[in-house]
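The structure appears right after this line, and notes come after that.
The values are calculated or read from the model by the stated rules, or taken from the named source; none is laboratory data. Since this is a predicted model, take the numbers as computed values, not measurements. Cβ atoms come from the backbone with ideal geometry, glycine included; neighbour counts cover every protein chain shown. Calculation scope for accessible area: heavy atoms of the full protein, side chains included, ligands and nucleic acids excluded. Shrake-Rupley method; radii C 1.70, N 1.55, O 1.52, S 1.80 Å.
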Amino acid sequence: MATLSIVRNMSAALLCFRTKCTSSLYYCAANQKIILREDNQILRSPNAFFSTHAKTMFIQTQETPNPNSVKFMPGCKVLESGTVDFPSPKEAHRSRFAKLLFKIDGVKSVFFGSDFITITKFDDDALDWKLIKPDIYATIMDFFSTGLPVMDRETEFEQPYVAHGAGDCNDDETVQMIKELLDTRIRPTVQEDGGDIIFMGFEEGIVKLKMQGSCTGCPSSAVTLKNGVQNMLQFYIPEVMGVMEVDDELDGLAKKEFEAFEHKLKINENNYKKTD
């Protein structure tokens, strides 16, 4: 495999890529350069050095079933509990870290788990992960070196999504069983792939679920819902007749606003061409 080297004057680092599916990055605060190589060797910069006083960071990446999403594992806590989804930059007001990630060209959405970050890029052949990853690595390293909280304190009332648990007295027995099964058997597996499944409701035998992270727009998400989630729920809970993927009202409004904005840009572009 060809060697790709990138040297940048920012956070010090040593990087190595072990396979096509998993890559690793070593961070050393004692240096001022990033060097990236794509081979099976750990790369050491000529000026890099480790000392007992230097802060180090080890980042791994993992491919997901969604080719447009990659799971980044910084080797430290990202959230104390739960998950947070940022489907667009508009939702990033809750997190300074998310805002920084959205500034990277090609980043479409950001998702935080307890110990991982899932980045989804736009579905564009021109956006190669080899071009986007170095900036994501640098942003992750720089942010965690500051010691700032991932979620902004002034918006703590918007809590991360956490497991429901089966003890909600407002739910009937069937809904409690559905939530417990989702939280104990299904969501942990989905989070391993950099995504999440959120319970949105249960009506007339249909379980309504919202896909997040790498699951959003994933080509295999429909198969996962029908052959995986639905079969498991129906096996343990006879009242379940099927599952349905849904979006909440805020997501629907945001999507409509984006489509309207995109339409307006196209009209302006056409008018500009006519004037030429």
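Annotations for the structure displayed:
- When residues of the stretch 86-113 are limited to those that are touching a residue at least 40 places away in the same chain (Cβ under 8 Å) and under 17 Å from Thr61 (Cα atoms), the one nearest to the chain's Cα centre (by Cα): Phe111
- Residue within the stretch 57-73 that is at pLDDT 90 or above, touching a Leu at 6+ places or on another chain (Cβ under 9 Å) and either of a type in the set (Gly, Ala, Ser) or open to solvent by 40 Å² or more (accessible area, probe 1.4 Å) (or both) present: yes
- Extreme residue, farthest from Thr83 (Cα to Cα), among residues of the stretch 155-175 that are at pLDDT 90 or above and open to solvent by less than 50 Å² (accessible area, probe 1.4 Å): Thr174
- Among residues of the stretch 122-144, those that are surrounded by 18 or more Cβ atoms within 10 Å (Cβ to Cβ) and either part of a loop (DSSP other than H, G, I, E, B) or free of Cβ contacts under 8 Å to residues at least 24 places away in the same chain (or both), counted: 0
- Boolean, Leu148 is at pLDDT 90 or above and within 25 Å of Gly242 (Cβ to Cβ): no
- Test: residue in the stretch 234-243 that is touching a Lys or Arg at 6+ places or on another chain (Cβ under 8 Å), modelled with pLDDT of 90 or more and surrounded by 12 or more Cβ atoms within 10 Å (Cβ to Cβ): yes
- Taken together, the residues in the stretch 107-121 that are touching a Phe, Trp or Tyr at 6+ places or on another chain (Cβ under 6 Å) and open to solvent by 50 Å² or more (accessible area, probe 1.4 Å) amount to 1.
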